[in-house]
1. For residues that are assigned to a loop (DSSP other than H, G, I, E, B), open to solvent by less than 30 Å² (accessible area, probe 1.4 Å) and either of a type in the set (S, T, N, Q) or farther than 19 Å from N87 by Cα (or both), tally how many sit in segment 131-180.
2. Restricted to segment 275-292, and to residues that are in contact with an Asp or Glu (Cβ under 8 Å, 6 or more places away or on another chain) and farther than 30 Å from V44 by Cβ, which residue is most open to solvent (accessible area, probe 1.4 Å)?
3. Under the condition of being hydroxyl-bearing (S, T, Y) and in contact with a helix residue (DSSP H, G or I) (Cβ under 9 Å, 6 or more places away or on another chain), which residue from segment 136-152 is farthest from G264 (Cα to Cα)?
4. Out of everything in segment 193-209 that is of a type outside the set (G, A, S) and either crowded, with 20+ Cβ neighbours inside 10 Å or assigned to a strand (DSSP E or B) (or both), what residue ends up being farthest from the chain's Cα centre (by Cα)?
5. Considering every residue within segment 51-72, establish whether at least one is on the phi < 0 side of the Ramachandran plot and assigned to a strand (DSSP E or B).
6. Go through segment 241-286 and report how many residues are part of a loop (DSSP other than H, G, I, E, B) and free of Cβ contacts under 8 Å to residues at least 60 places away in the same chain.
7. Restricting attention to segment 210-235, and to residues there that are open to solvent by 10 Å² or more (accessible area, probe 1.4 Å) and in contact with a strand residue (DSSP E or B) (Cβ under 7 Å, 6 or more places away or on another chain), which single residue is nearest to C336 (Cα to Cα)?
8. For segment 299-338, give me each residue that is acidic (D, E) and either under 15 Å from V259 (Cα atoms) or surrounded by 16 or more Cβ atoms within 10 Å (Cβ to Cβ) (or both).
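The values are calculated or read from the model by the stated rules, or taken from the named source; none is laboratory data. Just so it is clear, the structure is predicted and the values come from calculations on it, not from any experiment. A quick note on method: Cβ atoms are made from the backbone with ideal geometry, for glycine too, and the neighbour counts reach across all protein chains shown. Protein only, heavy atoms only, side chains kept; ligands, DNA and RNA dropped before computing areas. Shrake-Rupley method; radii C 1.70, N 1.55, O 1.52, S 1.80 Å.
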Amino acid sequence: MSRTTRLSSSLLRAAAVTGVAALTLTACGSGSGSGSTGSGSGEVKVGLITKTDTNPFFVKMKEGAEKAAKENGAQLSTAAGKFDGDNAGQVTAIENMVAAGVKGILITPSDSKAIVPAIEKARAKGVLVIALDTPTEPESAVDALFATDNLKAGQLIGEYAKAAMKGKSAKIAALDLAPGVSVGVQRHDGFLKGFGATDKDVVCAQDTGGDQAKGQTAMENCLQKSPDINVVYTINEPAALGAYTALKAKGREKDVLIVSVDGGCTGTRAVKDGKIAATSQQYPLKMAAEGVKAVVTYAKNGKKASGYTDTGVTLITDKAQTGVTSKDTAYGLENCWG
């Protein structure tokens, strides 16, 4: 963590003697955010590391973890990457949390493969590690995974888009996440499976990092390449809203079908407003809450959570299609996040 002033060596030694725990928790913020809740020395220490602390999905995840920590008598420390893909920041956060004596770490991996060595070191020291939302590669690198079935989430919107096209020829644009990120790959592949298409049917594919501005730029690029695009798959709702802005600027917002994944409140309202045709809603608060409970259980009786727990996904749309199970935006707004 950078500092604006230098400490003398004597002050550093004093800090090391008197404030190791405090320094360690601060160091967890090597990414863009850190903090802790709870203060009792006898409380179970739980760490939460998210990809960023700005995405509403991860903000809600943190809220869920904080609430569960208070309800279960746990002390929560948090950290986040500076950006989506900041593996180095997540590695540092793991190391600092292990040094701080956490019993378990909940993590949404920014890089599903590169994070594995740091996770293995933590587990070797007896720390329970649970992946939230995004699986590691291999999935067995963690003790357990609490997440949306992202392949299913993609498949639901793919099935919806296929039905909504009603037999018309599709010119598909894919606004993806980033290379090698498992959640992005699974949603993309799920969409194609649900639509009954392959990558050969995608006329334009662009990475967006799940960012709205980058989603807009990606859509602009795709429209230049293939002006007749009529179906847009997006990795998440910020990317979808960016795509909508680009389409509207070209007067195409009413004749292009946009589908997405997340189910945040902003995205769900966009479905209600007709900007997004349908979205697959997931539940980050549940992921985090169940993760905290699992760490507390492990601390109390040594029982480890294991395997995969599906935290659910629901297709949200106000334009239901025959043969595709969905809920309307009234349901979506009751269960949204952010």
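1. Just the residues of segment 131-180 that are assigned to a loop (DSSP other than H, G, I, E, B), to begin with: 133-138, 142-143, 148-149, 166-171, 177-180.
Next, only the ones that are open to solvent by less than 30 Å² (accessible area, probe 1.4 Å) stay: 133-136, 142-143, 148, 170, 177.
Now restrict to residues that are either of a type in the set (S, T, N, Q) or farther than 19 Å from N87 by Cα (or both): 134, 136, 143, 148, 170.
The number of residues fulfilling the criteria is 5.
2. K275
3. In the first step, residues of segment 136-152 are kept if they are hydroxyl-bearing (S, T, Y); the result is 136, 140, 148.
In the following step, the residues that additionally are in contact with a helix residue (DSSP H, G or I) (Cβ under 9 Å, 6 or more places away or on another chain) were identified as 136, 148.
Details: T136: 24, T148: 14 Å.
The extreme case among them is T136.
4. Going residue by residue through segment 193-209, those that are of a type outside the set (G, A, S) are 193, 195, 198-204, 206-208.
Pick out the ones that are also either crowded, with 20+ Cβ neighbours inside 10 Å or assigned to a strand (DSSP E or B) (or both) and you get 195, 202-204, 206-208.
Numbers: F195: 23, V202: 24, V203: 27, C204: 24, Q206: 19, D207: 16, T208: 14 Å.
The extreme case among them is V203.
5. The initial filter retains those residues of segment 51-72 that are on the phi < 0 side of the Ramachandran plot, namely 51-72.
Restricting the remaining residues to those that are assigned to a strand (DSSP E or B) gives none.
Checking segment 51-72: not a single residue is on the phi < 0 side of the Ramachandran plot and assigned to a strand (DSSP E or B).
6. Quick first cut of segment 241-286, residues part of a loop (DSSP other than H, G, I, E, B) only: 250-256, 263, 273-277, 282-283.
Narrowing the set further to residues that are free of Cβ contacts under 8 Å to residues at least 60 places away in the same chain leaves 250-256, 273-276.
The number of residues fulfilling the criteria is 11.
7. Among residues in segment 210-235 that are open to solvent by 10 Å² or more (accessible area, probe 1.4 Å) and in contact with a strand residue (DSSP E or B) (Cβ under 7 Å, 6 or more places away or on another chain), the one nearest to C336 (Cα to Cα) is N230.
8. So in segment 299-338, the residues acidic (D, E) come out as 310, 318, 328, 334.
Answer for segment 299-338, where residues must be acidic (D, E) and either under 15 Å from V259 (Cα atoms) or surrounded by 16 or more Cβ atoms within 10 Å (Cβ to Cβ) (or both): D318, D328.
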